[in-house]
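Asker: Have a look at this one.
The values are calculated or read from the model by the stated rules, or taken from the named source; none is laboratory data. Note that this is a predicted model, so its numbers are computed, not measured. Glycine gets a Cβ as well: all are built from the backbone with ideal geometry, and neighbour counts include every protein chain shown. The accessibility values were calculated without ligands, DNA or RNA, using every heavy atom of the protein model including side chains. Shrake-Rupley method; radii C 1.70, N 1.55, O 1.52, S 1.80 Å.
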Amino acid sequence: MAYGVLFDGTRCIGCRACSVACKSWNENSAKVEKKTSVEGGIQGKAVVSSDTFTFMRYREIGEGDDFKWAFAKIQCMHCLKPGCETACIVGALHRNKETGAVTYDQGKCIGCRYCMVACPFGIPTYQWEDRTPWIRKCTFCSDRLNEAENGMAPACVTACPTRALQFGERDELIEEAHKRIEESKAADPAGVGKYIDHVYGEKEVGGTAWMYISSVDMTELDLPWLSEEPVTKNARTAMSLLPYYATGMLALMVGIYFITKRRQKIAAGKHEEKKG
């Protein structure tokens, strides 16, 4: 068994209660910074950061009578086969098979940031502003999942006033997602329904714990188009090549340094000759 969350974009009103609840539960700073601000109107420019594990992304879709707002909650997707876990050379990131949460152990982390390179969703962030920085990301409220059988759910799910977020066992949520899509089609005289016939996260990169159904394609809300192949294989290949790239870059920088020093020495010699 593994847990999951289903986001229904047709129920979301973009209130950001989920983001507020996340900050409150994780005791993250609520300060407004340039990179996490919502300047520029309702669409905003928020991004995940060391203090923002989740945010609401807004998009204006269509024109005239077809105009509508579309929403997507962005956070760690908690992949079934996490690229970040595979890329981590010290085991600081680990997926709990019972809950599905991908969590981080800063006691093991060496700060290589390979996880940031490997994540196809660009989620892990680094505490650049701290003197002792660590990787930070959504934990799926793993501490709350231990009490899931007693009714506990991730803080963001509990806070949602429109039930746009539904927490439960992943397999059951997939069934629920397809059921809503089919029921919407059946209720529509045109047989189209209000949903795009796709459950984003069901199969992408081998499947994720967070899944989406919406009236628009999720790529229109800047979620990446991804194949069903897990990124773990590519992550292993990429990470195995990094030492060679690092060695090559070091050799290049050393070469540039010595060439620069040699040119400076020659220039200094010519200057002395002119003075003499």
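Asker: Over the range 121-169, what is the relative contact order in percent, taking alpha-carbon pairs closer than 8 angstrom and at least six residues apart? Walk me through the numbers before you get to the answer.
Answerer: Values: 33 pairs, mean separation 10.0, N = 49.
Computed over the range 121-169, the figure is 20 percent.
Asker: Classify the range 28-184 from the C-alpha gyration tensor, please: rounded if a/c falls under 1.5, else prolate or oblate depending on whether a/b exceeds b/c.
Answerer: Details: a/c = 1.89, a/b = 1.21, b/c = 1.55.
Note, shape of the range 28-184 comes out oblate.
Asker: Given the pairs 73/137; 108/203; 68/179; 23/203; 179/203, which are separated by over 21 angstrom at their Cα positions? Could you put the intermediate results ahead of the total?
Answerer: Numbers: 73/137 14 Å; 108/203 31 Å; 68/179 24 Å; 23/203 29 Å; 179/203 17 Å.
As for pairs spanning more than 21 Å Cα to Cα, those are 108/203; 68/179; 23/203.
Asker: Might you work out the accessible area of residue 160 for me, using a 1.4 Å probe with all protein chains in place, and round it to the nearest 10 Å²?
Answerer: About 30 Å², rounded to the nearest 10.
Asker: Report residue 114's accessible area, 1.4 Å probe, all protein chains in place, as a number in Å² to the nearest 10.
Answerer: Probe radius 1.4 Å; accessible area of residue 114 about 50 Å².
Asker: Same structure, new question: Report the Cα centroid-to-centroid distance between the range 52-67 and the range 171-194 in angstrom, as an integer.
Answerer: 22 Å
Asker: Could you tell me which of rounded, prolate or oblate describes the range 87-163, using a ≥ b ≥ c as the square roots of the eigenvalues of the alpha-carbon gyration tensor, with rounded for a/c under 1.5 and, failing that, prolate when a/b is larger than b/c and oblate otherwise?
Answerer: Since a/c reaches 1.5 and a/b is larger than b/c, the shape of the range 87-163 is classed as prolate.
Asker: How would you rank 51-59, 205-213, highest first, on the average number of other Cβ atoms within 10 Å across their residues?
Answerer: Per-residue Cβ counts within 10 Å, averaged per peptide and sorted highest first, yield 205-213, 51-59.
Asker: I'd like to compare 60-73, 96-109: which one has the highest average count of other Cβ atoms within 10 Å, and what's the full order after that?
Answerer: Top of the packing list down: 96-109, 60-73.
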